[in-house]
1. Expressed as a whole percentage, what fraction of the accessible surface of the chain belongs to carbon and sulfur atoms when a 1.4 Å probe is rolled over the protein heavy atoms?
2. Compute the distance in nm between two label points, each set 7 Å from the Cα along the Cα-to-Cβ direction, one at Asn142 and one at Ala76.
3. Leaving out same-chain residues fewer than 8 places away, which aspartates and glutamates sit with a Cα under 18 Å from that of Lys174?
4. If you line up the long axis of helix 113-134 against the longest principal axis of the chain, both from Cα atoms, how many degrees apart are they, to the nearest 10?
5. Measure nothing fancy, just the Cα-based angle from helix 2-22's long axis to the longest principal axis of the chain, in degrees from 0 to 90, nearest 10.
6. Provide the solvent-accessible area of Tyr46, counting protein heavy atoms only and rolling a 1.4 Å probe, rounded to the nearest 10 Å².
7. How large is ³J(HN,Hα) for each residue in segment 47-56, as worked out from phi by the Karplus curve 6.51 cos²θ - 1.76 cosθ + 1.60 (θ = phi - 60°), to whole Hz, x for Gly and Pro?
8. Step through the residues of segment 141-154 one at a time and calculate ³J(HN,Hα) from phi using the Karplus curve (6.51 cos²θ - 1.76 cosθ + 1.60, θ = phi - 60°), rounding each to whole Hz and writing x for Gly and Pro.
Amino acid sequence: MKTIITSLCISLGFLATQAAAEDPAKLNDLEIAHVAYTADNIDIRYAHLALAISTNPEIHKFAQTMISDHTAVNAAALGLLDKLGASAQDNFLSKQLNENANKIINDFSQLRGAEFDVAYAENELAYHKAVNGLVEHTFIPNIENAEVKALFQQGLDIFKVHEGHAEMMVKAVK
């Protein structure tokens, strides 16, 4: 368990270091859209893993919410991109998110019972804090298209609620 928590902290720390080296503030709107889409898909993957491994009804309820809300936000984002005649652009940050997620998912898949529940809850809290902070303080201020900016603000409002729920979940499973 401590290895997984350490792995998560290292991954998030590396993400912050890598992001600082490449500067996410310099991403264009289409690159930012891809980072958000990637982050949503990662949380959906985490949630599916939670449904497969955990037997805790509260973890299941939270995971179902993650799947539903992140899927809906991604659908709205894809609809907006289609309306704008644009495609999201892969970039250093979306690639790094996927690499980190693959490691975390691999580590989590080795856990069971309360050990998994604690790791999942702590990861969800850390993940939402990291992504919400990036969206709020770096992406939204730098998005040029008003419709894209509005969609990001709506998503951030939803994901801040997720962060609060994840915080409660962490307290409940400890």
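1. On the way: 4820 of 8510 Å².
In the chain, the share of accessible area belonging to carbon and sulfur is 57 percent.
2. 2.3 nm
3. Straight-distance partners of Lys174: Glu58, Glu115, Asp117, Glu122, Glu124, Glu163.
4. In the chain, helix 113-134 runs at an angle near 20 degrees to the longest axis.
5. Its long axis makes an angle of about 10 degrees.
6. Surface accessible to solvent at Tyr46 totals approximately 10 Å².
7. Rounded to whole hertz, the list is 5, 4, 5, 4, 5, 6, 9, 6, 10, 7.
8. x, 9, 6, 8, 6, 4, 5, 5, 4, 5, 5, 5, 5, 4
The values are calculated or read from the model by the stated rules, or taken from the named source; none is laboratory data. Keep in mind it's a predicted model, so treat the numbers as computed, not measured. Using ideal geometry, Cβ is built from the backbone for each residue, glycine included, and neighbour counts are taken over all protein chains shown. Calculation scope for accessible area: heavy atoms of the full protein, side chains included, ligands and nucleic acids excluded. Shrake-Rupley method; radii C 1.70, N 1.55, O 1.52, S 1.80 Å.
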